[in-house]
Amino acid sequence: MDAELNSPQADAVAHIRGPLLVFAGAGSGKTRVITFRIANLVARERVPPYRILAVTFTNKAAGEMRHRLEGILGAEIARDLWVGTFHATCAKLLRRYGDAVGLEKNIIIYDGADQKAVVTRVLRELDLDEKRFAPRAMLAAIHKEKQEGRGPDEMSLDDYSAEMVKKVYARYEEHLRAANAVDFEDLILRVVKLLEDDTRIEGETIRRRFEFVLVDEFQDTNAVQYRMLRALARDHHNLCVVGDDDQSIYRWRGADVRNIRGFKKDFPETLVVKLEQNYRSTGHIVKAALGVIAPSKEREPKELWTANEDGLPVEMIATKDERDEAAHVVAVIDETRKKGIDPRQIAVFYRIHAQSRVLEEALRAVNMPYQIVGGTKFYERAEIKDALSYLRLAVNPKSDVDLLRVVNVPARGIGATTLDRLTTLATLENMSVWQSLGHLDKAGDIAAAARKRLVAFADMMRDIQAAARTAPATEVLAMILDKSGYRTALEAENTAESDARLENLAELAGSIGDYEAEASAAGEPATLEGFLERVSLQADTDAGDQGGKITLMTVHGAKGLEFDTVLLTGMEEEMFPYRGFDPGGEEEMEEERRLAYVAITRARRRLVMTHTETRQIFGTTRWGRPSRFFGDLPAATMKQGATRAASAGARVAYVDRSSGGGGYGSAYGSRGGGGGGREPWRHPQAPAARTEAFDAPPRPARPAVDPGERFVDREFFADDGGSDDVGSAGGLRRGAKVVHSRFGEGEVRRVEAAAEPMVVAFFPGWGEKKILARFLKIAS
DNA sequence: TGCCACGCCCTTTTT
DNA sequence: GGGCGTGGCA
């Protein structure tokens, strides 16, 4: 804590009123400026905590900030502060003042998938070719308009396709309004509307409420978000924004660095502070980061420096494929943990979520606890989305997206044709699909049998809706699963997969329970609406930081965080910088560069970057050259290496001192079969003859594996004639006694390392069952 | 009319 | 690797 109190920057601005613009280089104590300022306002300036609003972009960052504030101010006071993401803050405000902008209480927040479903429906209604107008692209275009604060009528219509976007946009909005639903942009837009509407009292109420507003990662605000901030601070100008244009990584989400310039114009009396000293990282890491960001164009001039010692060189490790990479990651983590580093101080980054699976497998195979941040995985599972749709319908029957999702899940004989006719009726009569269920007489084309089924569904939902008004959310969920026949259908399936789905639904019930407990601890009423809002606004399922776990996340998710040791994986061209199907212009490349800068600057002491020769992703194999960003790292800060598998496979010119030298020679291309030998990556700043300066390939703690192989305890499974895909999972071994929640005690027969390790176990009275390993406990 | 299986296509980052 | 759409079959 002393370090924070003594921080000169934090001290200098902590008590200042009026607009404050802080350019904070990575690791210069950006968040510290905010937390210290808040602490100072509360402790010294006697500002009531509930009059302070601190806004972040991610839940993770908000959680981190709140955590720090709890440490400084104590949990009691910190609880009254408003700390949250833009969206969560707006949702909270709308819950209180939403009636003023015509929002009902049972509002539902549509996530990306829901939004896309609406767009798809609109495209069909307008009879537009889905091939020519991809729902995804349409949605992106709509969001772009919304992020700039333009409604369909305010769009500039340059060409035919803009015309189409406008049409779709308009109907999209109608659908959301009719469904009593909002998307993420709406949350902000509605609050802006509240704040800017001087004919009503609510805007003033909110403006008065927040005497001080602080914003983290200001470079990531989009036009509408900035408008909201401006409106919030209209009367008092106590707006403190902290940001770093080098870390602007949300341009694709509408973030506009120009807001920084706008800020100086809108608040001419702004005090500008530049923080250029990095307190976080070693010299080598800071220099590496500078190397990556230096070629970036249009930067606000600033020079990051550090007084810290150089420390360990940044490691660049060549690996053979994604499994080999994962093995190396595991080895480094293992080594780091053995040195006594808290696992919470270790993080593995990747560019895209799809990379996490292999890493997870490798970590699970050695029973190393980890936590995944982001990756909406859990809430994206079909059964969870189904259950949530039922819950949302229970609260808000007008939500068409949800109704259409579950009306025939489980199968009730309500097919596409029937639903087509039903939605057509709804569209014609200008009502929600739910309402149209009450007017089936107007749809003569719906067969009597189908009609009966629809009525039965409506009756069932009415019962559930009635229950939702009084019963606790956990009971509503149980009722839904029973009445809808969802549970029965899954039980009848009786496969490993259906069992897993049932377990997931149990987990959902558990998370409702958690929410109820948390809400009551915070002195707030636990409602089904509250739970649904939380689910919508919280991409990650993290149940708080339990100790002892390392962290896996995308680079985006890592922003604003720091770790002792960072493993940055997938550093190949195409992966990082990432290139999707679009050509990707220079602007996008610039953003990738800033993203790399963000990744590097998360590390305090040790940074390991890995790249692969080949990578299986999205079902195909990619060959990747090492990322161009390696070439921007100063040679003096780097240490190159390779896993055994990589150096053996490529026959690269590494000098392996540890094995007597010259072991691999430089016989390029001697690898048999496909791919061909690849030249080793050579640092552009290094003279060609300097290969001997390369470090010996580090020996992985466990032998590198060949593709198709896993981390298998060969001896133990040597006599296993079963699956060829056998691994140990979470300490589960053949013969081990395990306990399952439903089947009781059993004995492990086989372990299968699928995407998720599965165990075939024999349960007396049930027979052999295939179960996801994580649902088993070792019997004591 | 509805169900199921197969095959094709797309494949980012967050709220 | 998975979601979605199409086409064949009950």
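The values are calculated or read from the model by the stated rules, or taken from the named source; none is laboratory data. As the structure is a prediction and not an experimental result, all values here were calculated from the model. For neighbour counting, all protein chains shown are included, and Cβ atoms are generated from backbone atoms with ideal geometry for every residue, glycine included.
One residue is enough: does the range A:545-565 have a residue meeting the conditions within 20 Å of the chain's Cα centre (by Cα), part of a strand (DSSP E or B) and within 16 Å of DNA strand C (Cβ to nearest atom)?
no
For the range A:348-400, what are the residues that are in a loop (DSSP other than H, G, I, E, B), closer than 30 Å to residue A:566 by Cβ and more than 16 Å from DNA strand B (Cβ to nearest atom)?
A:366, A:367, A:368, A:369
How about the range A:257-278: which of its residues are surrounded by fewer than 16 Cβ atoms within 10 Å (Cβ to Cβ) and in a loop (DSSP other than H, G, I, E, B)?
Within the range A:257-278, A:268, A:269, A:276 qualify.
Of the residues that sit in the range A:606-628 and are within 15 Å of DNA strand C (Cβ to nearest atom), of a type outside the set (Phe, Trp, Tyr) and modelled with pLDDT under 85, which one is nearest to the chain's Cα centre (by Cα)?
A:617
Can you report the number of residues in the range A:57-80 which are closer than 19 Å to residue A:40 by Cβ and crowded, with 23+ Cβ neighbours inside 10 Å?
2
Report, by residue number, each residue of the range A:81-111 that is more than 26 Å from the chain's Cα centre (by Cα) and free of Cβ contacts under 8 Å to residues at least 24 places away in the same chain.
Listed by number, the residues that qualify are A:96, A:99, A:102.
When you go through (1) under 24 Å from residue A:225 (Cα atoms); (2) modelled with pLDDT under 85; (3) of a type in the set (Ser, Thr, Tyr) one by one for residue A:120, which number turns out not to apply?
It is condition (1) that residue A:120 fails.
Under 9 Å between Cβ atoms, at least 6 apart or on separate chains: pull out the pairs that start in the range A:247-269 with a residue that is farther than 23 Å from residue A:592 by Cα and in contact (Cβ under 8 Å) with a residue 12 or more places away in the chain and end on any residue that is away from DNA strand B (no atom under 13 Å from the Cβ) and of a type in the set (Phe, Trp, Tyr).
From the range A:247-269, the pairs are A:262/A:226; A:263/A:218; A:263/A:226; A:266/A:226.
So residue A:195 ticks every box in (1) over 24 Å from residue A:395 (Cβ atoms); (2) away from DNA strand B (no atom under 12 Å from the Cβ); (3) of a type outside the set (Gly, Ala, Ser); (4) in contact with a Phe, Trp or Tyr (Cβ under 8 Å, 6 or more places away or on another chain) but one. Which box is left unticked?
Tallying (1) over 24 Å from residue A:395 (Cβ atoms); (2) away from DNA strand B (no atom under 12 Å from the Cβ); (3) of a type outside the set (Gly, Ala, Ser); (4) in contact with a Phe, Trp or Tyr (Cβ under 8 Å, 6 or more places away or on another chain), residue A:195 fails exactly one: (4).
Within the range A:588-620, which residues are of a type outside the set (Gly, Ala, Ser), away from DNA strand B (no atom under 12 Å from the Cβ), over 13 Å from residue A:572 (Cβ atoms) and assigned to a strand (DSSP E or B)?
A:604, A:605, A:606, A:607, A:608
For the range A:289-298, check the following and say yes or no: at least one residue is surrounded by 19 or more Cβ atoms within 10 Å (Cβ to Cβ) and outside any helix (DSSP H, G or I).
No: zero hits.
Give me the pairs: first residue in the range A:603-622 and on the phi > 0 side of the Ramachandran plot, second residue at pLDDT below 95 and within 16 Å of DNA strand C (Cβ to nearest atom), beta-carbon distance under 9 Å, and six or more apart or on different chains, which are they?
Sorted first by the residue in the range A:603-622, then by its partner, the pairs are A:618/A:354.
I'm checking my understanding of the structure. Among residues of the range A:402-438 that are farther than 26 Å from residue A:109 by Cβ and hydrophobic (A, V, I, L, M, F, W, C), which one is surrounded by the most Cβ atoms within 10 Å (Cβ to Cβ)?
Filtering the range A:402-438 for residues that are farther than 26 Å from residue A:109 by Cβ and hydrophobic (A, V, I, L, M, F, W, C), the one surrounded by the most Cβ atoms within 10 Å (Cβ to Cβ) comes out as A:425.
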